[in-house]
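Data first, discussion second: the structure below is written as structure tokens.
Values in this text are rule-based calculations from the coordinates and carry no lab data. Predicted, not measured: the structure shown is a model, and the values here were computed from it. With ideal geometry, Cβ positions are generated from the backbone for all residues, glycine too; neighbour counts draw on all protein chains shown.
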Amino acid sequence: MYGQPSAPGRPGGVAIALGGGTARGLVHIGVLKALDDNGTRPTMLGGTSFGAVIAALYALCGNAYELERVVRTQDIGEVWRQAIDFGLHRGAVVHGRRLRDWLDRKFFFGATFEDLNVPLAVATTDLATGELVIVDSGSLADAVRASCALPGLFAPVPWRGRWLIDGGFVEPVPFSTLAARDGVRKLGVHAGVDVRSSKVVRAIRAFNVTPFGRAFLAHGERVTPRGPIGQIYRGLTISLGSYSRGLRVPGDAELLRVEPQISWWDFHRSPDAVRAGERAMRDLLANGFCAEPAPEPTGVALP
């Protein structure tokens with residue numbers, strides 16, 4: 001059952017969409033801490049990839065400091081050991097079922113979306129169509145697993161006749177998860193790779209416009225992801241193609257870019273990431289975020 005997270009005197013509150021970034025996504029904890037300290041706890045959360053993990057845990061416990069304690073006291077080695085789960089028959093190195101069951105036992109306790117303290121929506125991608133699919137009902141662990149399914153690494157997740165993978169391929173910051181929330185401030189938090197400066201992203205974009213790249217992507221669009229090879233090819237097509245699209249920010253929302261100065265695998269540097277997120281959110285609040293009425297919807301695309 002959803003609680004009442006809005007603070008007195010702040011009608012409408014703020015809705016937050018959290019992007020991916022793996023270890024870099026730990027900045028989301030700092031963002032949520034700064035909001036909690038300000039008395040502006042989220043009235044709605046959306047997440048994709050690692051942002052879905054953080055959003056789900058916060059929506060379940062409703063306290064950023066408890067969330068930080070839970071995340072920072074985990075043994076990363078234990079997490080990786082759950083990935084020893086053969087999945088080549090499902091078109092990936094890791095099946096993901098073992099990791100899903102571990103997450104459910106240790107963190108989510110069998111919770112569904114209906115058990116959360118804060119409303120949550122999780123962004124995923126339909127492997128067959130490449131369309132965004134928003135999951136907001138059923139098992140929390142299944143939704144998070146689907147939103148973290150990277151093609152070739154983690155197997156796609158079956159859901160209501162679809163195969164779902166990481167939602168960040170369609171929306172790096174899942175603003176669409178907040179679309180139903182009117183009259184609130186909407187904030188998206190981006191801690192992933194900055195495509196404006198990444199040499200890897202520039203190389204992928206260059207490949208995508210070569211004759212071979214265009215042919216590879218065009219053929220991948222026609223592939224039906226039924227078997228392991230088809231799922232890998234289709235997933236790779238969606239992944240590569242996503243780097244040629246910019247990040248779209250709705251006109252009624254604001255984007256907070258946080259640079260934690262750590263790599264995606266640096267979980268041991270979680271304090272640095274949390275501090276970076278907290279500092280960025282405090283600066284945004286000091287500059288008047290939440291002080292003005294929510295703007296009307298329009299839209300803008302960023303690189």
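Report, in deg cm²/dmol and to the nearest 500, the calculated mean residue ellipticity at 222 nm for the chain, where each DSSP H run with n ≥ 4 adds -39500 (n - 2.57) and the sum is divided by the residue count.
Mean residue ellipticity, 222 nm, calculated: -10500 deg cm²/dmol.
May I ask you to compute the full-extension gain from R226 to L153, defined as 0.36 nm times their residue separation minus their alpha-carbon distance, rounded to one decimal in nm?
24.6 nm
Rounding to the nearest 10 and keeping the result within 0 to 90°, find how far the Cα-based axis of helix 228-242 lies from the longest principal axis of the chain.
Rounded to the nearest ten degrees, it is 50.
How far is helix 270-286 tilted off the main Cα axis of the chain, in degrees rounded to 10, range 0 to 90?
It is inclined by approximately 50 degrees.
Which order, highest average first, do 173-182, 252-261 follow once you tally other Cβ atoms within 10 Å for each residue and take the mean per peptide?
Per-residue mean Cβ counts within 10 Å order the peptides as 173-182, 252-261.
Which residue, I16, I76, I232, has the most motion in a Gaussian network model of the chain that connects Cα atoms within less than 10 Å?
Ranking I16, I76, I232 by mean-square fluctuation puts I76 first.
Under a 5 Å amide H to amide H cut-off, with H placed in plane at 1.01 Å, what residues pair with L153 once short-range neighbours are removed?
Excluding prolines and chain starts, which carry no amide H, the hits are V93.
What size of dipole, in debye to the nearest 20, comes out for the chain about its Cα centre when the only charges are +1 on Lys and Arg C-beta atoms and -1 on Asp and Glu C-beta atoms?
The dipole of the chain has a size of about 840 debye.
In a GNM of the chain with a 10 Å cut-off on Cα contacts, which of V193, V157, V170 has the highest mean-square fluctuation?
Highest fluctuation of the listed residues: V193.
When the chain is treated as a GNM, springs tying every alpha-carbon pair under 10 Å, which of K199, K186, K33 comes out with the largest mean-square fluctuation?
Per the Cα network of the chain with a 10 Å cutoff, K199 tops the list.
Report the Cα centroid-to-centroid distance between the stretch 25-52 and the stretch 124-175 in angstrom, as an integer.
Answer, in whole Å: 21.
Pull up the cross-link candidates among the aspartates and glutamates for K33, meaning alpha carbon to alpha carbon under 15 Å and not fewer than 8 places away within one chain.
Straight-line reach from K33, under 15 Å: E66, E68, D272, E278, D283.
Determine the dipole magnitude for the stretch 155-225: charges of +1 sit on the beta-carbon of Lys and Arg, -1 on that of Asp and Glu, nothing else is charged, the reference point is the Cα centre, and the result goes in debye to the nearest 20.
100 debye
To the nearest whole percent, what portion of all C-alpha pairs in the chain is separated by more than 30 angstrom?
28 percent
Residue farthest toward the positive end of the dipole of the chain, with Cβ of Lys/Arg at +1 and Asp/Glu at -1: which of V189, G230, S147?
Among V189, G230, S147, the one farthest towards the positive end of the dipole of the chain is G230.
Using only Cα atoms, find the angle between the long axis of helix 199-208 and the longest principal axis of the chain, and express it within 0 to 90 degrees, rounded to the nearest 10.
Its long axis makes an angle of about 50 degrees.
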